[in-house]
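Take a look at the structure below.
The values are calculated or read from the model by the stated rules, or taken from the named source; none is laboratory data. What you are looking at is a predicted structure, and each value in this text was computed from that prediction instead of being measured. Glycine gets a Cβ as well: all are built from the backbone with ideal geometry, and neighbour counts include every protein chain shown.
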Amino acid sequence: MANKRWPMLLCLALVIVLISCSDLSFRTLRESGPAAQQSVPARFEDIPIPPGLILNQRESFVYETTTTRTGLLVYEGKGEMEQLALFFKGQMPKYQWRLLSNFEIHNAMLTFVKEGWISIIYIIPKDTEENKIEIRFGPIEAKILPASK
């Protein structure tokens with residue numbers, strides 16, 4: 001029963017961190033002007049993106065402070081859900097992310113952690129051949145993994 005609570009507890013921890021940040025600034029890609037759009041990253045250097053996916057600027061947003069950042073990047077594109085999940089499982093460890101949980105039935109939810117950070121990746125098949133990929137990321141303060149060897 002405790003194992004089923006991990007995803008909910010991790011999401012709750014992320015929400016608590018967001019609420020507790022006093023100098024939090026909110027910027028969305030869709031509400032920013034052309035100059036501001038360039039300052040909000042469409043991706044982060046340590047989260048690989050499968051080729052051919054297109055950023056959905058209307059649904060993506062990033063919270064930033066001087067010391068941290070968190071947000072949601074939404075991508076859309078073609079590809080089979082299983083292949084996209086395999087991409088993330090194969091590529092995320094190259095950036096020191098460790099797979100914490102993996103749920104794949106009608107959609108996929110992959111939870112990755114690394115020291116101080118969490119990333120939850122949802123792969124949601126659409127009615128067409130396309131998929132929607134939601135990448136949520138942010139700081140995590142809980143020590144849930146032993147040190148890497």
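List of remarks:
- Qualifying positions in segment 76-107 - of a type outside the set (Phe, Trp, Tyr) and touching a Phe, Trp or Tyr at 6+ places or on another chain (Cβ under 7 Å): Met92, Arg98, Leu99, Leu100, Ser101, Asn107
- In segment 123-137 there is no residue matching the filter, namely being in a helix (DSSP H, G or I), surrounded by 13 or more Cβ atoms within 10 Å (Cβ to Cβ) and over 15 Å from the mean Cα position of the chain (by Cα).
- Per-region count, segment 80-95, residues crowded, with 18+ Cβ neighbours inside 10 Å and either in contact (Cβ under 8 Å) with a residue 40 or more places away in the chain or among the charged types (D, E, K, R) (or both): 3
- Looking across segment 114-128, the residues that are at pLDDT 95 or above and closer than 11 Å to Met92 by Cβ come down to Ser119, Ile121.
- Among the conditions (1) in contact (Cβ under 8 Å) with a residue 24 or more places away in the chain; (2) under 13 Å from the mean Cα position of the chain (by Cα); (3) assigned to a strand (DSSP E or B), Leu99 misses just one, which is (1).
Rundown of residues vs (1) among the basic types (Lys, Arg); (2) within 18 Å of Asn131 (Cα to Cα); (3) at pLDDT below 90; (4) assigned to a strand (DSSP E or B), yes/no style:
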residue	(1), (2), (3), (4)
Ala36	no, no, yes, no
Glu45	no, no, yes, no
Ile49	no, yes, no, no
Lys89	yes, yes, no, no
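- Filtering segment 55-74 to residues that are over 15 Å from the mean Cα position of the chain (by Cα) and either part of a strand (DSSP E or B) or among the β-branched types (Val, Ile, Thr) (or both) leaves Thr65, Thr66, Thr67.
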